[in-house]
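S.K.: Quick one: the structure is below, and I'll ask about it shortly.
Every number in this text was worked out from the coordinates using simple rules, so none of it is lab data. No experiment lies behind these values; they were computed from the predicted model shown. Neighbour counts run over all protein chains shown; Cβ positions are idealised from the backbone, glycine included.
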Amino acid sequence: MREPFASADAEAEIVRLSKGSEKVHWNPVDSTFFDLLIPPTVYPPRHDSDLLARRISYLGAGRGRSLLEIGCGSGAISILAASFGWKVSACDINPFAVAATRGNLELNHLQGDVREGGIGPEPFPFEQQFDLIVWNLPYIPLEEAGDDFLGPMEEAALLDTDSVGLAGRLLTSIANADMLALNGRILIVGRKCARLGTFGFAHRTWDKLSFDDGEELFLTCLWKPYEGASNQYVKETGSTNSDLLQSGGIGSHLRTGKQLAGKGRRGRVWTSIEGCYAGSWIVAENSVISPGNLQLAGGLAVLESLQHESLRLKWPNDILIDNRKVCGVLAEGRSLGDGARVVLGIGINLVKGANDLDIEIASIDELFEIDAAALDITLHAEIASLLEERNDIPSLDHQGTRERVLEHIRNFGRPVTNGVIHDSFGINENGELILDDGTIITDGEDIEWA
């Protein structure tokens, strides 16, 4: 495979620059048209651009809120946003794209602050906070690019040559520079991105685009998890679940360095090992919610946070290593008017140590080392990804969560009742296990696994 940008590409780029600009009449959504003048070395609006454009159109009037587009290309998305009343800033590493965006804004009688630069080693061209940050990510890995290039500068808008991952670099830059305003959002278009919670942002797929060749592009929405809710650490406490049940505020989170009276299923008491993880969240108030689904979400959040092939999920909420428990999840509620306050607690054995359990347990340090504080950042983001509700983010997908959990459970084994192995089973809307004979299992201790 050839290098992405060899010396011959410089000559090819000069040839391309001698060609005239292309006039495009862009119709991203119904009754919305823009005239664009696109130089030959600038990325034009395509299907991925339309995916982002439709979502921005859905968000409606900007009302003077600030929007930043990274990698603006021809300026199509910035122009659409400006037409909806967003205060637009935009940047691109391609100087011809900067010129094209400025010219196309003027052509369509719109305004925006357009600068050269982007996510990379150089200082980012903007320092303020933004209500919405969008980026149509380069999404084709270099090994899949082949030998046919559109031209080095334009092709740079398609290729992901970053070994760390451009999405990760983006989120790190946003977090380090505090670029996201209160209740702000990030929209990225590209292939499915992994480990987004590692960077401290909650995330949820909003839209998907499928091509005939099987290629899929996703529009992912990211936000600061449970922004504005209480987030505390205490050196020692009895039970984080009990503490939060006496508190209030959805998304409130409490982590402790040592839990003296942690709770397990069926009223078991668990004292955490120093250096391990113990934390809880208020995930519902004054609403009807299934504890079963909450425990499934908690288990999935742990798997997404730790991401190791040796971890197995046993229904409903136990994470195991070689059939030894390494993590437990417990949902508890307290009556509150017409509803209840529901707390989700998670305990994870991160390191070996003396414990007061009557079963053999495992610890994460058998697989790798992770600090409880670092894990908390990721886990907080993953919990919000699965459970947080806001009017301006994608809707919750409880069915999708159950399907992902079911896949993990099937990898673990098959349920056994009265000596009968059930090859087929599912999970109902309440998070309960449904066996192939119609039996509904509500307690994980009522079954064995093969």
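S.K.: When the scattering of the range 322-413 is computed by the Debye formula from its Cα atoms alone, each counted once and equally, what is log10 I(q)/I(0) at q = 0.17, 0.18 Å⁻¹?
M.R.: Result of the Debye calculation: -1.07, -1.16.
S.K.: Given the C-alpha centroids of the range 273-314 and the range 91-127, what is the distance between them in whole angstrom?
M.R.: Using only Cα atoms, the two centres lie 42 Å from each other.
S.K.: I'd like to know which of Thr237, Leu180, Leu344 lies farthest towards the positive end of the charge dipole of the chain, counting +1 on Cβ of Lys and Arg and -1 on Cβ of Asp and Glu.
M.R.: The listed residue farthest towards the positive side: Thr237.
S.K.: For a quick size check, give me the Cα extents of the chain along its three principal axes, largest first, whole Å.
M.R.: 77, 48, 42
S.K.: Next up: Which pairs, out of Lys192/Lys352; Lys192/Lys224; Lys325/Lys352; Lys87/Lys208, put more than 24 Å between their alpha-carbon atoms?
M.R.: Over 24 Å apart, Cα to Cα: Lys192/Lys352; Lys87/Lys208.
S.K.: From the phi of every residue in the range 45-58, what ³J(HN,Hα) in whole Hz does the Karplus formula 6.51 cos²θ - 1.76 cosθ + 1.60 yield, where θ is phi - 60° and glycine or proline is x?
M.R.: Working through the residues one at a time gives x, 10, 4, 5, 5, 4, 4, 5, 5, 5, 6, 5, 4, 5 Hz.
S.K.: Can you work out the FRET efficiency for the pair Asn411 and Arg54, with r the C-beta to C-beta distance and R0 = 35 Å, to the nearest 0.05? Display every interim value, and only then the final one.
M.R.: Details: r = 36 Å, r/R0 = 1.02.
It comes out at approximately 0.45.
S.K.: Follow-up question, since we're still on this one. What do you get for the angle between helix 291-306 and the principal long axis of the chain? Use alpha-carbon atoms, 0 to 90 degrees, nearest ten.
M.R.: Taking Cα atoms only, the helix is inclined about 60 degrees.
S.K.: Quick one: which residues, 5 or more positions from Thr417 or on another chain, have an amide H under 5 Å from its amide H? H modelled 1.01 Å from N in the peptide plane, none for Pro or chain starts.
M.R.: Amide H to amide H, under 5 Å and 5 or more residues apart or across chains, Thr417 pairs with His422.
S.K.: Residues with amide H under 5 Å of Val326's amide H, sequence separation 5 or more or different chain, H placed in the peptide plane at 1.01 Å from N; which?
M.R.: Ile319, Leu320, Ile321, Ala362
S.K.: From the phi angles alone, apply the Karplus equation (6.51, -1.76, 1.60; θ = phi - 60°) to the range 79-88 and give each ³J(HN,Hα) in whole Hz, x where the residue is Gly or Pro.
M.R.: Rounded to whole hertz, the list is 5, 4, 5, 4, 5, 8, x, 7, 7, 9.
S.K.: For a quick check, take a GNM of the chain with Cα springs below 10 Å and name the residue from Thr198, Thr41, Thr32 with the largest mean-square fluctuation.
M.R.: Maximum among the listed residues: Thr32.
S.K.: Continuing with the same structure: Sum -39500 (n - 2.57) across every DSSP H segment of at least 4 residues in the chain, then divide by the residue count to get the 222 nm mean residue ellipticity, nearest 500.
M.R.: Result for the chain, helices only: -8000 deg cm²/dmol.
S.K.: In which sequence would Glu382, Glu448 go, from the one with the fewest C-beta neighbours within 10 Å to the one with the most?
M.R.: Fewest-to-most Cβ neighbours within 10 Å comes out as Glu448, Glu382.
S.K.: Lys192 to Arg115: extension gain in nm, 0.36 nm per residue of separation minus the Cα-Cα distance?
M.R.: So the extension gain works out to 24.9 nm.
S.K.: Turning to a different aspect of this structure: Report the full-extension gain for the segment Ser395 to Asn428: residue separation times 0.36 nm, less the Cα-Cα distance, to one decimal in nm.
M.R.: Between Ser395 and Asn428, full extension yields an extra 9.9 nm.
S.K.: Another question, if that's okay. Compute the angle between helix 372-387 and the longest alpha-carbon principal axis of the chain, please, reported from 0 to 90 degrees and rounded to the nearest 10.
M.R.: It works out to around 80 degrees.
S.K.: Note the angle between two axes, namely the Cα long axis of helix 95-107 and the longest principal axis of the Cα atoms of the chain, as a number of degrees from 0 to 90, rounded to the nearest 10.
M.R.: 80 degrees
S.K.: Treat the count of other C-beta atoms within 10 Å as a stand-in for reagent exposure and order Arg102, Arg169 from fewest to most.
M.R.: Starting with the residue having the fewest Cβ neighbours, the order is Arg169, Arg102.
S.K.: How would you rank Ile93, Ile348, going from fewest to most other Cβ atoms within 10 Å of each one's own Cβ? Intermediate values should be presented prior to the final figure.
M.R.: On the way: Ile93 17, Ile348 23.
So the ranking, lowest neighbour count to highest, is Ile93, Ile348.
S.K.: Would you please give the residues with an amide H less than 5 Å from that of Trp206, counting only those at least 5 places away or on a separate chain, with H modeled from the backbone geometry?
M.R.: When sequence neighbours closer than 5 places are left aside, the close amide H contacts are Leu219, Thr220, Cys221.
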